[in-house]
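One structure is given here, and the rest of the page talks about it.
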Amino acid sequence: MEDVTIISYPSTEQYQLLSLTEGRSRYMLPFCGKFRVVDFILGNATQSGARRTIIYSDVEDDLAAYVNRYGPFEDEKFPPVKVLTGGFSDARFTYNLIMDSNTSFYIIYNGDNPSLIDFAKLMQRFRKSRAHSVLYKLKFNGKATMAHRVLVVRQRVLLDVIDRAIKDRSSSPSVFEMIINNLINKGIRKDTFPIYCWPIHSVAEYYRHNMEILQNKEMVDEIFYNSLLESKIKFYGYASLGGNANVKGSFISDGCEIHGVVENSILFPGVHVGEKAVIRDSIVLPYNRIGEGARITRSIIDERTEEEPENQVWVNIGRCRIGTDTRQLKSSTYPRALYNSVTLIGKNCTLPEGVNVGGASYVASGKTEIDFQKKKYIYDGLSLD
């Protein structure tokens with residue numbers, strides 16, 4: 001696999017992810033208790049032994065800085081991992097990039113859904129085919145679909161297709177989708193390949209995929225005992241349980257501190273759970289501090305990215321109630337994003353004592369005590385935007 005470059009490009013689909021992709025690319029979306037989506041891309045690339053990995057992103061965020069923690073790569077002319085913001089609609093830019101990366105083969109796919117793909121086996125199959133290019137439909141849950149596909153192509157063929165697009169002045173929101181469509185029109189060979197993949201189109205799907213992995217021992221072993229799948233989310237120390245902590249059927253990540261009850265839930269790095277707090281069937285993203293007596297049910301608490309004041313502990317979810325056990329509720333404002341009673345609290349929110357947020361509800365990012373002074377009840381299906 002040493003003579004292979006892997007290229008991941010962002011999806012052009014519309015997603016209903018609300019705060020989960022607000023100000024950050026899908027690559028930076030936390031997933032599965034301790035990772036971000038980009039960790040799966042880099043884990044797949046490391047396992048395959050690819051010489052280079054190129055990640056195109058459509059959002060200016062901390063992706064490059066995060067990826068650089070695998071390195072550092074900043075001082076290398078063409079590093080083994082390269083993050084590019086923009087350029088994925090520019091055929092000439094892509095042509096020059098292919099020339100600079102200069103490997104014999106290219107694996108090109110939409111990588112902003114978390115997936116486990118054995119690219120080494122994929123290349124073995126490709127080489128046996130003796131084809132100049134093959135489009136693989138990815139098969140997961142027993143079904144293959146062209147909605148998720150991987151192109152394997154020789155450099156010469158790839159450059160020819162891009163050069164033709166430049167000469168024809170062809171344009172597309174994604175040069176890689178254009179390349180694939182051009183090859184399809186020319187009669188590219190097609191095949192299928194099995195993978196693990198978790199397509200995330202809505203907040204409710206994000207919740208479901210995370211929780212299903214938690215309950216699937218095979219998946220837990222596949223992900224958490226994979227030595228090549230790393231996380232670069234910063235954490236401080238090991239998880240610790242206080243004298244009154246009670247944890248059942250949950251994933252507790254590094255740097256968490258638990259003093260309350262956590263059942264059937266996922267806590268990302270750096271989460272603090274106060275005394276007598278109860279978290280059930282929920283996902284708490286990194287660095288949130290859940291205060292004493294809080295009740296959180298069937299909810300997602302989005303990431304806290306703001307730094308704490310020095311020498312202070314800033315509880316951002318106070319003694320309040322979030323979510324419900326009642327099933328099948330749907331948001332009246334965001335019905336395609338929030339359904340099956342999943343509630344989302346946006347990034348960097350501070351919910352004070354006495355606030356009640358219902359099922360299938362949404363509190364937009366950055367809400368503080370001031371926003372709840374006149375409205376302490378967010379009823380089922382309603383939102384605070």
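Only the coordinates and a few stated rules stand behind these numbers; no lab work does. From a predicted model like this one, the values you see are computed outputs, not experimental measurements. Cβ atoms come from the backbone with ideal geometry, glycine included; neighbour counts cover every protein chain shown.
Worth a mention:
- Summarised as an ellipsoid, region 109-266 has semi-axes of 42, 17, 15 Å, derived from the eigenvalues of the Cα gyration tensor scaled by 5 and square-rooted, with the largest first.
- Sorted by Cβ neighbour density within 10 Å, fewest at the top, the residues D62, D385: D385, D62
- Candidate lysines - alpha carbon under 16 Å from K376, same-chain residues fewer than 8 apart omitted: K367
- Computed from backbone phi, the HN-Hα couplings of region 50-64 come to 4, 6, 9, 10, 10, 10, 8, 10, 10, 9, 7, 8, 8, 4, 4 Hz, rounded to whole numbers (Karplus: 6.51 cos²θ - 1.76 cosθ + 1.60, θ = phi - 60°; Gly and Pro given as x).
- Quotient of the Cα radius of gyration of the chain and 2.2 N^0.38 Å, N being its number of residues: 1.05.
- Reachable lysines, given that their alpha-carbon falls under 21 Å from the alpha-carbon of K139 and they are not under 8 places away in the same chain: K121, K128, K190, K217
- The mean sequence separation of alpha-carbon pairs under 8 Å and at least six residues apart, normalised by the residue count of the chain, gives a relative contact order of 13 percent.
- Ranked list, fewest to most other Cβ atoms within 10 Å of each Cβ, for S115, S104: S104, S115
- The calculated FRET efficiency for the pair R164 and Q215, based on their C-beta separation and a Förster distance of 56 Å, comes to about 0.70.
- Taking a straight line from the alpha carbon of K347, these aspartates and glutamates sit under 16 Å away, with near neighbours fewer than eight places off in the same chain left out: E22, D61, D62, D302, E303, E306, E307, E308, E369, D371, D385.
- Rounded to the nearest whole Hz, the Karplus-based 3J(HN,Hα) values (6.51 cos²θ - 1.76 cosθ + 1.60, θ = phi - 60°) of region 31-37 follow the sequence 8, 6, x, 8, 10, 10, 4, with x at glycine and proline.
- Selected from V37, V81, V247 as most flexible by GNM, with the chain as the system and alpha-carbon contacts under 10 Å: V247
- Ranked list, fewest to most other Cβ atoms within 10 Å of each Cβ, for T368, T343, T5: T368, T5, T343
- Residues of the chain were split at every exposed loop site, defined as GluC sites (Glu not before Pro) in a DSSP loop with at most 10 other C-beta atoms within 10 angstrom, and the longest piece left, sites excluded, is 75-306.
- For region 234-384, the pair-distance distribution built from all alpha carbon pairs, in bins 5 Å wide starting at 0, is 2, 11, 20, 25, 20, 13, 7, 2, 0 percent.
- Computed over region 296-385: relative contact order in percent, which uses C-alpha pairs under 8 Å that are six or more apart: 30 percent
- Antiparallel DSSP beta bridges within the chain, as percent of all bridges there, nearest 5: 25 percent
- A cut-off of 5 Å between modelled amide H atoms, ignoring neighbours fewer than 5 places along the same chain, links I7 with I54, I107, I108, Y109.
- At 1.002 mPa s and 20 °C, Stokes D of region 4-197 from Kirkwood alpha-carbon radius, µm² per second: 126 µm²/s
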